[in-house]
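Please treat every number below as a calculation from the coordinates, not as lab data. All values reported here derive from a predicted model rather than from experimental measurement. When we count neighbours, we look across all protein chains shown, and the Cβ atoms used for this are built from the backbone with ideal geometry, even at glycine.
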Amino acid sequence: MSEVPVAPEAYRAYLQELRRNAPKVTRGLVLVYTGDGKGKTTAALGIAVRALGVGWRVAFLQFIKGPWKSSEEHIVPLFGERWLFRKLGRGFTWEHDSLDEDQAAAQEAWQEARNVLLSGDYEVVVLDEINYVLSYRFLPVEMVIETLRQRPSHVHVVCTGRNAPEALVAFADLVTEMRKVKHPFDQGVLAQRGLDF
Ligand code: ATP
Ligand code: MG
């Protein structure tokens, strides 16, 4: 394809052509990024960028809402409906008073994610930090796996977060464990905008 046009109309046409030429997914995969080293969400964003570049649609669903706005939200206007970025549930921070409340919020978040997965509208669906939610048993892993089985076959799914449950690791096609060798946090350097969020 030619150079990326800047004028809005031409850009829209360019995106449409990209979409027309997008490769078909013959076998959607389940990818898991876990471990205690930095890079899990970043890796998922890397896949998202690649997928958008090839003309696919991407849903990036966040199970945990940080106190800050992630910079990735700003990608939205560039790709329009091709890029769905959503904080699930009630903009959930997982700091409720009771387990019941956590589970109810997790269920709510999961219903949204499930609808997106089963819709088949997105070639790539990222379930950011779902491993965390599963490892605390806010959601039963069997239920999530059942939906992964049911999803349309052209949907790739990326699950991120520490402590991916064994059942999900067993089910996934690809599992990468990020291992911390060094992290600046240990030297007192806090998360930085643009690099960490
Ligand atoms: P990133 O979003 O940077 O790829 P991540 O998804 O692998 O990180 P999370 O467990 O989601 O890691 O943690 C999110 C935040 O915590 C990020 O700001 C990240 O830099 C930071 N972080 C990740 N791993 C570590 C670590 N081992 N020690 C300290 N801070 C960490
Ligand atoms: Mg993360």
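Evaluated with a Cβ-only charge set (Lys, Arg +1; Asp, Glu -1), the stretch 38-177 carries a dipole of roughly 480 debye about its Cα centre, given to the nearest 20.
A Stokes-Einstein calculation at 4 °C with viscosity 1.567 mPa s, built on the Kirkwood radius of the chain over Cα pairs, returns a diffusion coefficient of 73 µm²/s. In this simple spin-label approximation, Lys69 and Glu177 carry label points 7 Å from Cα along the Cα→Cβ vector, and these lie 3.8 nm apart. Shown in residue order for the stretch 16-25 are the 3J(HN,Hα) couplings computed by the Karplus curve 6.51 cos²θ - 1.76 cosθ + 1.60 at θ = phi - 60°: 5, 5, 4, 5, 4, 8, 5, x, 7, 7 Hz (x for Gly and Pro). Taking every alpha-carbon pair under 8 Å whose residues sit at least 6 apart, the chain reaches a relative contact order of 33 percent. In order along the stretch 176-186, the phi-based Karplus estimate (6.51 cos²θ - 1.76 cosθ + 1.60, θ = phi - 60°) of 3J(HN,Hα) comes to 10, 9, 6, 10, 6, 9, 8, 9, x, 4, 5 Hz; Gly and Pro are listed as x. Taken over the chain, lysine pairs spaced eight or more positions apart, or on distinct chains, with alpha carbons under 30 Å apart number 20.
With θ taken as phi - 60° and the Karplus curve 6.51 cos²θ - 1.76 cosθ + 1.60 applied, the whole-hertz 3J(HN,Hα) list for the stretch 108-117 is 4, 4, 5, 4, 5, 5, 4, 4, 5, 4 Hz, x standing for glycine and proline.
Under the shape rule built on the C-alpha gyration tensor, where the axes satisfy a ≥ b ≥ c, the stretch 9-74 is oblate, since a/c reaches at least 1.5 while a/b does not exceed b/c. Between amide H atoms placed 1.01 Å from N, distances below 5 Å from Val175 occur with Val32, all of them 5 or more places distant or on a separate chain.
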